[in-house]
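The values are calculated or read from the model by the stated rules, or taken from the named source; none is laboratory data. None of these values were measured; they are calculated from a predicted model. For neighbour counting, all protein chains shown are included, and Cβ atoms are generated from backbone atoms with ideal geometry for every residue, glycine included. Surface accessibility is based on the protein's heavy atoms, side chains included, excluding ligands, DNA and RNA. Shrake-Rupley method; radii C 1.70, N 1.55, O 1.52, S 1.80 Å.
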Amino acid sequence: MNFFTLILRNLFRNKRRSLLTLLGIVISFFLFVSIFTLLEAFNSKLKSEAAQVNLFFRPTYMSNFIDGQLPEAFIHKLKNIPFIRYIAPYKIYLGTGRSSEKNVFVLGSYVDQIYHMRNLEGVDPLQMDQMLSERKAALVGIDLMKENEWKLGDEVILKGLRSLPDLPIHIVGVPQGRSDLNGGILVHYDYLKDLMKDGGFLVSYFFVSRRLIKCLG
């Protein structure tokens, strides 16, 4: 009797045991293939050109996003961090629109940088070109547009809170859908800085995007 005959005889002597063993082998094989495929897909994502991680830099004392006060000069230090791809300061402005009872949140930033870091769904290339070329241009979230009954192309003046001056803006685009800006307004950093007359010294926080492929080696 050779080994093959012996194995075959024992294989069919207890069919239930053999079936369970075979089932275990099949399940283990599929689990291995699934995990391997998942790891490969994740690794490919990290090594893709689009792979990046967004980071916030803020003061340790900062209780909310309005209280942050960082020197604008910090942006030069952040640029020295290896593999920084995009970087933009955030300056915060609070005002009111049509109703003095509802606050309006305005974000002053580098529009050309934020375009690559945040979701501005609903803003087409022509609107973005106008946003980049016009000093008073603003992107206003769809929720604020409805609350204040504004329309695309309107020129409005926001009334400043906390002793802030009024802020004139021209609505050139309306982020909507899954946009990160549905409830806020985006304006140019330099425009807001000049209006607030703080020389850009006080920045709420910095938003930085780094390439994962570089950071993870």
**Asked** Bin by bin, in steps of 5 Å, what percent of the Cα pairs in region 86-137 do you find, going until the bin that has the longest distance?
**Response** 4, 17, 21, 24, 19, 11, 4, 0
**Karplus (6.51, -1.76, 1.60) ³J(HN,Hα), θ = phi - 60°, over region 182-193, in Hz, Gly and Pro reported as x** = 4, x, x, 10, 10, 10, 6, 4, 5, 5, 5, 4
**Item:** Residue-by-residue Karplus 3J(HN,Hα) for region 98-114, coefficients 6.51, -1.76, 1.60, Hz, glycine and proline x
**Value:** 5, 10, 6, 8, 10, 6, 10, 9, 10, 10, x, 7, 7, 4, 5, 8, 4
**Request:** Leaving ligands, DNA and RNA out of it, report the carbon-plus-sulfur percent of the accessible area of region 150-197 at a 1.4 Å probe.
**Result:** 47 percent
**Request:** Could you run the Karplus curve 6.51 cos²θ - 1.76 cosθ + 1.60 with θ = phi - 60° over region 154-160 and give me ³J(HN,Hα) per residue in whole Hz, x for Gly and Pro?
**Result:** 5, 10, 10, 10, 7, 8, x
**Item:** Average accessible surface area per residue within region 89-206, 1.4 Å rolling probe, Å²
**Value:** 48 Å²
**Prompt:** By accessible area of protein heavy atoms, probe 1.4 Å, what ranking do SER133, SER179, SER163, SER34 get, highest first?
**Reply:** SER163, SER133, SER34, SER179
**Request:** Once you've got the Cα coordinates, tell me which of LYS136/LYS197; LYS77/LYS193; LYS146/LYS193; LYS91/LYS136; LYS102/LYS197; LYS136/LYS159 are over 18 Å apart.
**Result:** LYS77/LYS193; LYS146/LYS193; LYS102/LYS197
**Fill in**
Counting sequence-distant residues (5 or more places) and residues on other chains, those with an amide H built under 5 Å from that of TYR86 are SER209
**Message:** Multiplying the sequence separation of LEU31 and THR96 by 0.36 nm and subtracting their Cα-Cα distance, what value in nm do you get?
**Reply:** 17.8 nm
**Request:** Heads up, I need the accessible area for PHE30: 1.4 angstrom probe, whole protein in place, Å², nearest 10.
**Result:** 130 Å²
**Request:** Give, in whole angstrom and from largest to smallest, the semi-axes √(5λ) of the equivalent ellipsoid of region 88-182, with λ running over the eigenvalues of the Cα gyration tensor.
**Result:** 20, 15, 13
**Asked** Around GLU121, which amide H atoms from residues at least 5 apart in sequence, or from another chain, sit under 5 Å from its own amide H, with H modelled in the peptide plane?
**Response** GLN176, SER179, ASP180
**Prompt:** Given labels modelled 7 Å from the Cα in the Cβ direction, how far is it in nm from ASP112 to LYS197?
**Reply:** 2.9 nm
